[in-house]
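Student: Mind looking over this structure? Questions follow.
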Amino acid sequence: MASFTLHGIPVSRGISIGRAHLLTPAALDVKHYLVPEEQLEKEVQRLQDALAEVHRGLQALWTDLPKDAPTELGAFIDVHALILSDPMISEAPLDIIRTRHYNAEWALVTQIDELSAQFDEIEDEYLRERKADIQQVAERVLKVLMGSAQLAPAPRAAGDEFQPQMIVVAHDISPADMLQFRDRSFIGFVTDVGGQNSHTAIVARSLDIPAAVGMSQASSLIEQDDWVIIDGDAGVVIANPSPLVLEQYRARQAAMLKARKKLLKLKKTPAITRDGTAITLLANIELPDDCPGALESGAEGVGLFRSEFLFMGRSGHMHTLPDEDQQFEQYRKAVVAMKGRPVTIRTLDIGADKPLDPTEHTALNPALGLRAIRYCLAEPQLFLTQLRAILRASAFGKVRILIPMLAHAFEIDQSLAMIEQAKAQLREAGHKYDSAVEVGAMIEIPAAALAVPMFVRRMDFLSIGTNDLIQYTLAIDRVDYEVAHLYNPLHPAILQLIAMTIAAGKKAGIDVAVCGEMAGDTKLTRLLLGMGLREFSMHPAQLLSVKQEILNCDLGTITPHTRKIMRSMEPNAIAEAVAQLQTI
Ligand code: PEP
Ligand code: MG
């Protein structure tokens with residue numbers, strides 16, 4: 001097999017070497033996980049049982065058919081029964097379970113996809129249309145399988161002996177689908193589309209698994225079971241590498257792992273610069289289950305809990321959002337897990353690349369549409385429910401409320417009024433909450449940074465969302481790989497907006513954090529410190545590397561250099577000076 005190399009966008013650090021698992025869009029609609037060797041036969045049995053049950057169901061349909069039923073109806077049941085008994089359906093998926101370790105649903109969908117592709121090539125229209133019958137049969141089986149889901153072997157738990165070496169290759173993966181991979185069944189991700197700071201990339205980073213996106217043709221060029229190397233630092237994917245290349249990457253991989261292990265020694269070391277300034281390092285999380293990982297990395301609290309992930313990817317629950325009690329349980333779980341450290345819960349930031357229901361019609365410019373706080377203010381009952389749940393969790397530890405995508409004073413005022421309303425409702429219902437709960441604003445729209453005094457006057461703290469700040473300032477869709485090369489955190493306009501926000505917070509004596517991806521980029525740590533930033537919030541996986549930068553940094557030395565950088569309006573000079581900061 002010929003070796004080839006693809007270049008795209010690096011999104012999650014590290015090197016992975018494994019076999020390609022192609023994920024079709026249909027496969028994303030079902031659960032997909034790898035079944036450990038010793039449970040394979042149980043999984044095969046689960047699929048066989050489902051096939052048998054559908055068979056029985058079809059037979060029952062036949063027997064119950066009224067005498068005067070149209071003859072086509074009987075014929076239609078016959079066709080379905082025939083398809084079900086065909087080895088292509090009754091045997092091939094069982095082989096997929098045994099050879100590829102796919103769970104039953106995934107194995108079935110993979111086989112149906114392969115069959116559908118063959119049907120598409122058939123000239124005869126009548127035969128071509130039988131594809132729909134096959135899909136209907138598959139749906140019957142899937143329905144039974146999903147009903148028996150509780151009998152399915154549980155996805156792998158952390159620390160399990162089973163070591164898969166699978167790399168997911170897909171056209172696209174939504175952030176909600178990405179969350180499904182939390183059990184770490186896979187060691188890398190490659191997608192055709194996506195940007196550096198799309199939420200899919202962010203979740204990949206939070207899983208700390210090498211990934212590269214924007215690979216344009218990867219899912220059509222790479223074949224099932226091809227050997228693949230992902231260089232997550234360079235955004236390079238090598239398919240079918242030669243033994244020599246493989247050896248080189250294995251050596252690099254081993255060196256990286258060693259360096260990471262060494263970093264673990266810094267876990268308990270306080271993050272203080274060489275000249276004695278203490279810096280706060282916080283974690284970004286998607287779900288309460290991320291809290292142990294945050295503590296493991298030495299985080300002093302949660303700086304950003306992206307609460308929308310509780311609402312997303314609830315397949316089968318699309319229109320039943322988590323209610324107040326369910327949300328409260330999740331927020332409380334995070335608060336308790338953080339053992340007294342602050343937990344900053346961002347209110348629902350739904351929309352753009354995080355739709356509540358991916359099947360719903362999306363606006364023409366979703367990033368500019370009814371997103372985040374705009375959505376919440378338009379749906380006051382949904383917002384009040386979330387606010388009550390967050391406030392109730394504040395009785396169990398330090399909670400801070402963070403509001404995303406604010407631009408207008410009236411949005412701030414309305415949000416604050418609704419928090420007061422939620423408090424009043426809780427008092428009436430006899431629920432406890434922290435009456436001094438702090439409320440902060442995300443600064444992620446250029447208008448917010450330019451009018452930051454308007455925020456400082458009303459808010460207890462600020463958190464700069466550089467991902468959106470860059471998207472909106474430079475008018476670049478953060479998800480669109482075709483404009484990814486224009487996504488430049490060092491654009492002078494971006495640096496000015498960040499500096500203005502930090503300065504305004506300092507003047508007013510309120511905390512300012514950066515919780516966008518810039519906070520976790522070690523190449524930018526010194527620049528941000530020199531700009532006066534004292535609070536960084538990032539994925540736990542990045543925290544110790546950033547801490548190491550802080551420990552090696554002397555603020556007195558870098559601050560004058562940073563001032564000079566801030567006076568420059570020349571991107572090349574800025575990039576050069578920032579690189580040089582690293583060497584001081
Ligand atoms: C940001 O915009 O920088 C941010 C932290 O929020 P999100 O990435 O969830 O939009
Ligand atoms: Mg944002």
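A short reminder: the numbers here are calculations on the coordinates, not readings from a lab. Keep in mind that what you see is a predicted model, and the values were worked out from it rather than measured. Cβ placement follows ideal geometry from the backbone for every residue including glycine, while neighbour counts extend to all protein chains displayed.
Student: Arranged from highest to lowest average of other beta-carbon atoms within 10 Å per residue, in what order do the peptides 265-278, 235-248, 210-223 appear? If you can, show how the numbers build up before the last one.
Tutor: Numbers: 265-278: 13.5, 235-248: 15.7, 210-223: 21.6.
For the peptides 265-278, 235-248, 210-223, the packing ranking is 210-223, 235-248, 265-278.
Student: Name the trypsin sites (Lys or Arg not before Pro) in region 1-101 that are in a loop by DSSP and that have at most 10 other C-beta atoms within 10 Å, would you?
Tutor: When the trypsin sites (Lys or Arg not before Pro) of region 1-101 are filtered for loop state and at most 10 Cβ neighbours within 10 Å, Lys67 remain.
Student: If you don't mind, another one. Once fully extended, how much extra length lies between Phe410 and Phe119, figured as 0.36 nm per residue of separation less the alpha-carbon to alpha-carbon distance?
Tutor: Computed gain between Phe410 and Phe119 is 99.1 nm.
Student: Still on this structure, please answer the following. Roughly what angle does helix 243-263 make with the longest principal axis of the chain, taking Cα atoms, 0 to 90 degrees, to the nearest 10?
Tutor: Its long axis makes an angle of about 50 degrees.
Student: Taking the Cβ-Cβ separation of Ala278 and Asp554 as r and a Förster radius of 22 Å, what is the calculated FRET efficiency to the nearest 0.05?
Tutor: 0.90
Student: Checking the table Lys398/Lys523; Lys265/Lys506; Lys268/Lys354; Lys267/Lys507; Lys333/Lys423 against a 28 Å threshold on Cα-Cα, which pairs fail?
Tutor: Too far apart for the 28 Å limit: Lys398/Lys523; Lys265/Lys506; Lys268/Lys354; Lys267/Lys507.
Student: State the extension gain, in nm to one decimal, for the chain segment bounded by Leu61 and Glu329, taking 0.36 nm per residue of separation less the distance between their alpha-carbons.
Tutor: Full extension from Leu61 to Glu329 adds 92.1 nm.
Student: Right, next: Please give the helix 571-581 orientation as an angle from the longest Cα principal axis of the chain, in degrees from 0 to 90, rounded to the nearest 10.
Tutor: Around 80 degrees separate the two axes.
Student: Here is a further query. Taking 8 Å as the Cα distance limit and 6 or more residues as the minimum spacing, I'd like the relative contact order of the chain as a percentage.
Tutor: Relative contact order comes out at 15 percent.
Student: Please find the FRET efficiency linking Leu40 to Ala259, where r is the Cβ-Cβ separation and R0 is fixed at 41 Å, and quote it to the nearest 0.05. Walk me through the numbers on the way to the answer.
Tutor: Details: r = 37 Å, r/R0 = 0.89.
Working from the Cβ atoms, E equals 0.65.
Student: Let me ask another. At 7 Å along the Cα-to-beta-carbon direction for both Leu377 and Asn365, put a label point, then send me their distance in nm to one decimal.
Tutor: Spacing of the two 7 Å Cα→Cβ label points: 1.8 nm.
Student: Also, I was wondering about something else. What does the charge count around Arg130 come to, taking other residues whose C-beta lies under 12 Å from its C-beta (Lys +1, Arg +1, Asp -1, Glu -1)?
Tutor: Taking every Cβ under 12 Å from that of Arg130, the sum is -4.
Student: Here is a follow-up. In nm, to one decimal, how far is the Lys523 label point from the Arg19 one, both placed 7 Å along Cα→Cβ?
Tutor: Between Lys523 and Arg19, the label points sit 3.6 nm apart.
Student: Nearest 500 deg cm²/dmol is fine: what mean residue ellipticity at 222 nm does the chain get from its DSSP H runs of n ≥ 4 alone, each adding -39,500 (n - 2.57), divided by its residue count?
Tutor: -14000 deg cm²/dmol
Student: With everything on Cα atoms, drop me the angle between helix 71-85 and the longest principal axis of the chain, reported from 0 to 90° to the nearest 10.
Tutor: Orientation of helix 71-85: about 70 degrees from the principal axis.
Student: What spacing in nm lies between the two simple spin-label points modelled at Leu244 and Ala436, each 7 Å away from Cα in the Cβ direction?
Tutor: Inter-label distance under the simple model: 6.7 nm.
Student: Hey, what D do you get for the chain in µm²/s if you plug the Kirkwood alpha-carbon radius into Stokes-Einstein at 10 °C and 1.306 mPa s?
Tutor: Using the Kirkwood radius from Cα pairs, D works out to 61 µm²/s.
Student: For Asp68 and Glu91 in one chain, what is 0.36 nm times their gap in residues minus the Cα-Cα distance, to one decimal in nm?
Tutor: Stretched fully, the Asp68-Glu91 segment lengthens by 4.7 nm.
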